[in-house]
Structure formats: structure tokens, C-alpha cells
1. Please indicate, with yes or no, whether at least one residue in the stretch B:559-571 is in contact with a Lys or Arg (Cβ under 8 Å, 6 or more places away or on another chain), on the phi < 0 side of the Ramachandran plot, among the acidic types (D, E) and in a loop (DSSP other than H, G, I, E, B).
2. Only residues in the stretch A:182-205 that are β-branched (V, I, T) count as the first member; pair them with residues that are crowded, with 24+ Cβ neighbours inside 10 Å and assigned to a loop (DSSP other than H, G, I, E, B), Cβ under 7 angstrom, at least 6 apart or cross-chain, and list the lot.
3. Tell me whether the stretch B:327-343 contains one or more residues that are within 14 Å of chain A (Cβ to nearest Cβ), under 14 Å from B:T390 (Cβ atoms), modelled with pLDDT of 95 or more and over 18 Å from the mean Cα position of the chain (by Cα).
4. Given the conditions (1) more than 9 Å from chain A (Cβ to nearest Cβ); (2) touching a residue at least 40 places away in the same chain (Cβ under 8 Å), which single one is not true for B:A462?
5. Return the only residue of A:S484, A:S417, A:S451 being small (G, A, S), at pLDDT 95 or above and within 22 Å of B:G78 (Cβ to Cβ).
6. If you take the residues in the stretch A:206-231 that are free of Cβ contacts under 8 Å to residues at least 60 places away in the same chain and in a helix (DSSP H, G or I), which one is farthest from A:H173 (Cα to Cα)?
7. Out of curiosity, is B:S429 surrounded by 24 or more Cβ atoms within 10 Å (Cβ to Cβ), among the polar types (S, T, N, Q) and within 12 Å of another protein chain (Cβ to nearest Cβ)?
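The values are calculated or read from the model by the stated rules, or taken from the named source; none is laboratory data. What you see is a predicted model, and the numbers here were worked out from it, not measured in a lab. As a convention, Cβ positions derive from the backbone with ideal geometry for all residues, glycine included, and neighbour counts pool all protein chains shown.
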2 protein chains.
Amino acid sequence: MSASPSVGPSASTIDAVKEKARRLSILSMMATTAAGSGHPTSCMSAAELVAGIFFHAMKFDVANPNSGDSDRFVLSKGHAAPVLYAALAEAGVFPISRLMTLRQLTSELEGHPTPLIHGVDAATGSLGQGMSVAAGLAIGARLDKSPTRVYVLLGDGEMAEGEIWEAAEFAGHYKLDNLTVIADVNALGQSEPTMYQHDMEIYRRKFESEGFSTEVVDGHDVAAILAALDRAKAIRGKPQAIVARTIKGHGASFCAGKEHWHGKAFSKDELAAAIKEIGGAPVVVPPDPGKSYVRTSLPKPPDFPALAAPEYDPAKPVATREAYGFALRRLGAVNPHVVALSGDVKNSTFSELFGDAFPDHFFQGYIAEQNMVSAAVGLAARGKVPFADTFACFLSRAYDNVRMAAISRANINLCGSHCGVSIGEDGPSQMALEDIAMFRAIHGSAVLYPSDAVSAERLTEAMARRPGINYLRTSRPKTAILYSKDEKFPLPGFKVPRQSAQDRVTVIGAGITVHEALKAADELKSAGTAIRVVDLYCVKPIDGEALAEQIAATGGRLVTVEDHWPEGGVGEAVLGALAEAGVAPSKYRMLAVRNMPHSGKPDELVDAFGISARHIVAAVREIA
Amino acid sequence: MSASPSVGPSASTIDAVKEKARRLSILSMMATTAAGSGHPTSCMSAAELVAGIFFHAMKFDVANPNSGDSDRFVLSKGHAAPVLYAALAEAGVFPISRLMTLRQLTSELEGHPTPLIHGVDAATGSLGQGMSVAAGLAIGARLDKSPTRVYVLLGDGEMAEGEIWEAAEFAGHYKLDNLTVIADVNALGQSEPTMYQHDMEIYRRKFESEGFSTEVVDGHDVAAILAALDRAKAIRGKPQAIVARTIKGHGASFCAGKEHWHGKAFSKDELAAAIKEIGGAPVVVPPDPGKSYVRTSLPKPPDFPALAAPEYDPAKPVATREAYGFALRRLGAVNPHVVALSGDVKNSTFSELFGDAFPDHFFQGYIAEQNMVSAAVGLAARGKVPFADTFACFLSRAYDNVRMAAISRANINLCGSHCGVSIGEDGPSQMALEDIAMFRAIHGSAVLYPSDAVSAERLTEAMARRPGINYLRTSRPKTAILYSKDEKFPLPGFKVPRQSAQDRVTVIGAGITVHEALKAADELKSAGTAIRVVDLYCVKPIDGEALAEQIAATGGRLVTVEDHWPEGGVGEAVLGALAEAGVAPSKYRMLAVRNMPHSGKPDELVDAFGISARHIVAAVREIA
């Protein structure tokens, strides 16, 4: 029984948590020494905090810690993984013998946490992301009207990351009173003391100015920690920050508060000295039977009824970005798990169509892309189907978050609008020309690039069904409707909107370059040359063999054309897929943006930067 | 003459700045209406602030605003470009007639600022980066013992970006009293009101908690603005923040403080109404003669004496990351322009070797990669040769900053250590597997990937000489010395450490996979198959024709092997370069990391994830 906040935790509770803290600290040291690497001193600074969170504050289902109304814990300072693993083991999630398999190829207990461990919702280890994940979990719990509380442990080193403050302002703005942040301020970074060292008041003020209830505690005083956790639980209308003054390597005088101990496992002698100094009863770990406790039941996007066919007037051009908004709104009507976030551009990306229809399921992410993407990871961990959008170029700001989302095995959907030079006058800072390369190099991703509104809607629907990281690249200009409303767009797949038995060259485009390729086909046809036009709406994955058949039908002659840099884009994706299929084009021209773009009118730029119909015609003539 | 701070600016000064503000506002409206797009209301909120900065606070050489002791201005809210352009024109940097060419393909005045405009040091338009650039300019000025002051104008929308607070903590930590931040708080984002709207106290407190001197002013009260700028100039030991309450669209009642006016140029009627309401004498703009004022004198990396040859015992393996540190230290001894920054990992990336030798030229960037990279852009704009480092995977956090650095035509050097699965036990969150894709897709970049300490040193030296964005990918494990100390490593280029007339297959590796390829060559040789091993130390640019010759010598049979995802990495780079050269391999196998990695021992992982000598041998046997 927890004592009421006014009375404070009982002496027996405090003693029990103290003992847990002692065990967590010792087990962390033992595990890292057994592994021969790791971060014992980072665990030792957090042992009392983690013990207080796990063995006093949190209520969770040991058999299913990542589900239902269980409270959640995010270890943002992921390098302290062993102390989390020790807490999970002590709680009974898996046997403590597993701890001694830390960092082995055959163990689910990796150097930094991943969701393959029961009790972990998202991978951490790239610092500064955990609080955003926790905020996503917290808004997800609120949507579910669940009593779940979310705890997140930050390190002070990572509090230099701007994303921490994006997450703090987001949590403050949405008044996430089911979120408790605990900051482990041990004053030592990896390479030297942190910026603010033990100036606790700076951290407290920073949280306070973001709308948190705040307090400073001694992070090794269990009674103080438990009382603070109790008080946090009682706060309404605000997230809470407990800023804890700690000592890195606490408990072992040879390293406590000393530099040059980051990320160093103890020798056996050091381990023995530290355990002796910490004292108490021996911590006995039985041999591990070798049974893996890897978590296989990861969230999957829930099924939902097929959407009605898109309805467009074939004569009326519509931007793919707008079709994304229509599709999101259709999704919202049949799939209550769908949530959307936007980086203060919902009126440009058109997610406002969803937000206006389902205001409770829409979250304004403001201009803070990193937090938006990691919050989506938290939402996905709670079984939501998040769609997050901004201009495609600004998703580059969240690339690390997308990378970590893949390691988190998260199911998130990202839409980047305003790709390429075809945006026109705003100039290069607003043009995504690297996003295909960026998203292709994410493990397990799909990279979708619709050329018309029908495909944009269908691909948006496909994203909501597909596990993993899905990226939709939408364009600013209105484009002609190319497909009938009943057309299917499987993944992988492509369309062949123009073909004949006489085709001399295959031209592969995507997005706006499909329209340029069709214009080129018209012009070439009137001059007597037939070409095949492929719409590669799914840039990843690619069925290389199916694509090879198309190219073989035109004698192996190929042109690719894309509104993207040459590196890592459509052209290289095609070359790579063909190579995997064991073939190569006989003659090939790659059209892509090769010079730094400039402001100008969209059509002017598409031509000036080498990807217009005129350039396609010229490339075809070179190899036809 | 400026009045002293205690007396305050004179009435005539105030009137003159008011008139400038009126003209800036009107010219911004006129330019955007002429362009048919742009952000007039964002300019109108800032007109008095920009006028105060340019026509009262700043001292700069109109003929050379980006050089010497000139004060600098960074427009972090880059979409307000027209108000900056108007200020530069009114100051005499170029004729006001140029303003009417805004956003045209033939004009240097793009939709968002780039350094092709005199008076602009870095491209802005991806929000939240300008303060980091300004901090870089400010530390550069301090290094130069220059009286240069740096002014940066922030928008309130962008203050949601975490990087703003990374920059603020950096500026506070380094006590950059030559930096004045002016925040234009107009309470309206693009899609809706900002998070804090007109709660000025929140912004003030946030800056104050980062160690700034702060004050809140009415951003349309010229007398108050000038007095605040004067007070800021007098502050010692702290950066200063002037938080200005403004109205978006100030001066034109049809849009002032109203939603849905973001990024909309006025119609001619709206323009006339706004000008009438603002009043005063007509602003007459003569026809533009069409002469471009594009800035061609961009900073270049200064020359320096050749470094002494690297000295390594050929029998003693050395990690490429350590060789980077040695090279940096050698550079520092002969090139006083070299500065280094590290994201709290200098003891892992080895830039501490430089920092220990040249403490004045080393800046601890803490765990805040975005700020670190944009600060490097600011340093480069001041003619410094910045090297910034962190684990390669964490550079993904600064990808938008790198993208903007390329648009800024910045000369910056980035080193990412701990690439790939070969790092071992720390697990996937610490493994860069997308960095080659990421950096290849940066315009004008070089992507360098040394396999041994000699090449690492020589490539580091090459970076300090090469304009543009240079990326060095270093590895964690110690690797054998492959090259003699006098070996040259031109860009582009590759080495062929193993070859014979009997070679059946070319194996292209880079970094650690070169060593795996050499092991495979030994094994295959003893089984009677000779292979050629190519060390592609320069992954971008690639001389496709030279590489094609090597592959032709082995009958077109090719294996590529890389510690990176298949997408956008070495394999695709090679395929792309060969395609540009008009050739394709006859038989090809791509070895890359295809499954999500895991913790484990480095050698174990290199093998388990398919890129070890064993896999190379198998791939060679398939196609030999």
C-alpha cells in the first residue's frame, strides 16, 4: 500500500525500495562486467530513481507490461539499459539470470533498449528522444481514456538536445498530467562535465517555463524520491518534472562523481570493490538456462474496412497533397485508431481536412519535427495509426527520429509535401531533393510517390495497413488525374500508363515526372518514336523482375527521370532493383536535379533543372 | 550619431528609423505583390525591428557586408526575406529596383535568403537554424578578436524548434555578449496561432534561464526598440534577447493580427489599401536595369602548407577514428583557421587530440548536433575551417542542417565515427547504416571513407582544402595499416590494394570491408581464384570511367561490400557511377547489411550481417 502524499511513504516501503535500488545497482554492474562493456556508472546514478518508479510509483501487468492500462516507463538515457533490465527482472518480467546475457548476439538484452524486450515501448539510445515518445504514449492513453501514467527518465547530458524542450513544450501545451519526467542530473557527460553540472535550479526553471510542476530532489534519497513521485501523481492539469541531483557511479568511491568513467565496464576487482562498498546481502544470480524472452507480440496496424473509391473529375487536376488530406479524412471515418499530427503546415499538407473532421484525433505539432515523429512512435506503441506531416524537406530534421522509429519496430506514417523543384518560387530551402534517398535508407520502409490524386488516396490507405515506416511524397502543383477510381496500387508495384508493341525506350518517372514523361511520349509519338512510360508509384520496395520485363520489352533502353538529386533516388533505386534481378539496362540515361535549384516558376524550374518533357525527349533520342 | 543608452536615441534618430520601417514594410508588400507570392505579413511584423537593427544598431561596410569587422545580421525567419532585401537595398548594398525582381529565376533575390546575396552569410528558410549560425559567427568574431556584433531575428513560430534552445544554451554557455537575439513574436504561425501566442513572459523566461539578459518591448515602438538595442550593446558577459511583441500584417487593418494571411501576397487592390493606410510619402521604385548583384566572392578554405606524412608502424593496427584526431592536430599546427567542435564525444571521435593541443580553437558542442552543424556554418561564413564530429548515426539528427549548409554554399567538414555494425555491442541505435546515403544526397558533397590510418589522415587533410560539405566516415575498430606514408589519396579516387592479370572478379569495399575483401582474396587465392580488391576511399565523387576499367579487367564481374544498408550506399554509388560512364557489370552481387542489426561482438556482427570475408568468398564463387 502506498501512503497518501500528505503522510509520505511508510518506512517499510522506503526500506523495500532502498533494497531494490541496491540490487539494481549491483545487477547493473555485474551485467556490464559480464558483458565486458556498457555503462555501469550511468546506471548507478539512476538506481534509486528507477527503483522508486518501478517499485513504488508504477502499476503494471508484469505479464503484459506494454498493453492496456499498465503504466509505462521510457528510459530516454538508453545507455543505462542495464538498470532498466534489472528493474524488469526484479519485477518478474523475465528471470534475473537473463541479465548476465547482456549485449550478446543471442540475447534480447541489447546494449541499448529495443521493443524486443517486454516492458520497452520504443528503442532509445539516440539521446533526447524518449520524452517525445513518452508524450506520444501519454496522449495515446488520454485518447483511450486510460488511467495509464507514463514515466520517463532523462539524463542531464541529453537535456542539451533541443528535442527535449520540444517535448517539454508539447507536454506543457497539451497539459499532459499523466506524464512524469524524472531528470537524472549526475553532472557528467561522456567526455566532460555537462553544461550546467549540478545547477539544479536551471533545469527546474526550464521545465517550469514550459508549464510543468517541478521539484528538485536528492536522487539518492529514496524517501524524498517516493514522496516526490506521490506528489507528482496527485498533480492535475500539468506534466510533472522531478529534477534529481545524482552522482554518476554512486556507491563506488573509486568512480563516484569522477570523470573518465563513462561507458566503462568494471574489471572483476573493481566490481568486487564496488559491491563490497555498497554492502548488504549478496545478490545471487543463478545460471541462465538460455531461454530467450524476446517479445514477438509487437503492435500491428489494426484492420479496417476498405475505403470507398476516390471520386475525381478526370478533367480537373488535383494536387497529390490535397488527395492525401481527403484520404486521411476517409480513413478517420472508418478507423478510430488513426491520429494525425502536423508541423504547423496542416493547411499546406491538407491534414487539416482530417483535423477539422476529427479534432480529438488531430495534434498540432507546431514547428518541432523531431518531437512530432517521436511522439508518433509513442502513439504507435499504444496501437494508434499515426500520420505525421510537414514539408518533405523538413522531415530531414527528424531523420534520426525516423531511424530510431525503425529500430523501435514502430508503425508510423509520414507524409512529406512540397517535394522537389516543382514547388517553384519559395526556393531551395523549401524543396525536398534528398527525401527519397533518406527514406529508402530506413530499414523496412516503404517509399510511396503518387503521380495523381487517385493513387495518392489509395497509397494513403495502404500506409494505414502496412507495418513499419511508410513515407508518402506529395507534390505541390495540381496534376492531371491519370487513373480510374477502381485502379489498384499494390506494394510493390508500378503502372504503365503508356505502352505499345513498338516502344523503343522505357521511361520511368514518379510524381510530377510521370506527367512530363507522358508529354514527352506525345511529342515523340508525333515524331514516330513510341516510348513506354512507367509510373513508379512505389519507389521502395521494387519488384525488380517485373520492372526488368518492361525494360526488356524496349530492348533494355531506359531513361529514369526524377525531381530529386541523382544520389539515392528513383534512378539508383531502379538500377539497384534491376541489379538484384540480375539485369542491367543496355543503354541508360538518368535525369535528375544536378545543380543547386533556385526560385522561379514551377514549370520554368522543372525545365531549367533538367527533368522536363524536353529533356526526356532528348534523352530518349540519344539512346532510341 | 547614436545617443548614449542612458539618454536614449534622439527624436530625429527615431523619426529616421520610423521612416525606414515604413519604407521596408511598403517595399516588402510591393515586392511580394510583384512576385505574386511570398510572405508580406511576416515582413510587416518585423519592419520596425529590422529598421532598428539596420539603421541604428549595426555598423557594416556596405561594399563588403560579409567581411572584416562588419556587424552581421541573420534572418532566421527566412520567409521574411523581402524585409531583409529591402533593408539591404535601403542601406545601399544594391539598388531598390532589384526588389521588384523577387523570386524570379534570373534574380539573386530568392524566396528565402541565400549567401548569393551580399549581406547574407547563410541560407535560411528551414526554421530554427539562424541562431546557431549567428552563434557560429559570434564565436568566429571572438576568435578573430573582432568587434563584430551579430544580430539574429527569430520568429515566434520557429521558437518551437528545439534547435533554438540548443543555440540559446550554447550562446549562454559561451557567454556570447557579441550576440543579440531579437524575437519577433507576432503570435501567428502558418496554420494557426502559436503555442504561446502573445505570452511574452514565457519567451523572456526561457531566454533568461539560458543565461541571457532579456527584455520585452513593443516591436512596433521604434523608440523602445532603439533603446533596447542600445542597452543590449552595452551588456557584457551575456548574450542578449529582445523579445518583441508584434502584429503580423501590422499596418494594414484587413490582415493585421488575422489568421489565414500567412504566405499570401496581396492583390494590387490590397496593396494599394495597405500603402494608403500606412501613409507617408510615396515609395517610388525605378525600373530595374536587369543587372544582377549576385555575390560571387564566397569564402574559400584558405591554403596551408602540406602536412608531414603520417607515421605509423605498419605492424600495429590503428582505428581510423584515432587517425582523424592525429590529422586534426597536425592541421591545427599549420592552419590557424581550423576549429573543431564535438557533440560530447571528443574522447570517442578523437577530436580531443586537437582540443587538448588548441583549446582556444575547440568548442564543446555538448549533445546538440543540430546547433553544432549550423554553428559550423556560421564559423565557415567567417572564413574558418570547421570540423565537427559525433557518432556518424547522430549526424542524422542534423541532416536538415547539413542540407541547409549546402544551400549556404558553406565549407564545413563533418566526421562521423562508429559507423556500421562493426561497432559491436552497443547495438543498432549507435550504428550508422544510412550515413553514406544521407551525405551522398547532399549537393556538392564529398563522402570519404578511409580503410586505414594513413588514408584517414590524408583524407582529413584533403577535407580542409576542399570547398563544400565534406564528410569523413570513420570506424571504431582498429584496422591494419594498408598504405605507405607517401601514398596519395586524390578526390575522386580509389586504391587497388590487390590485383593481378588473372583476376576473375573485382570486389569493391570501403572502410572495414576492404580488410574483409583482402581476407577473402587470400582465401580465394589459396583455392586458385584471383580477385581484384578496390578500396573506394572516396565514395563521392566517383570517377566512373576509371572504376569501369578495373571492372572490365575482371570481365565485368563485380561484388560490392559495405557496412551500410543497401540503399544509397557504396553499391548503388558504384552502379550509378558505372551507369554514368555507360557501362554495367556483367555479373553483380551486392553485399550490404540487410537485416536489423543487434548487439554482439564486432567480428560476429560483420559475419552475421553478411559482409565478412566468408560472404565475399561465397559471392565471388557465385559469379567467378
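1. yes
2. Correct list of pairs: A:V185/A:D156; A:V185/A:T246; A:T194/A:D156.
3. No: zero hits.
4. (2)
5. Details: A:S484 fails: within 22 Å of B:G78 (Cβ to Cβ); A:S451 fails: within 22 Å of B:G78 (Cβ to Cβ).
The unique qualifying residue is A:S417.
6. Applying the filter and picking the extreme gives A:A224.
7. The answer is yes for B:S429.
Here is a yes/no grid of residues against (1) part of a loop (DSSP other than H, G, I, E, B); (2) within 26 Å of the chain's Cα centre (by Cα):
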| position | (1), (2) |
| --- | --- |
| A:S28 | no, no |
| A:S37 | yes, no |
| A:G52 | no, no |
| A:K59 | yes, no |
| A:H79 | no, yes |
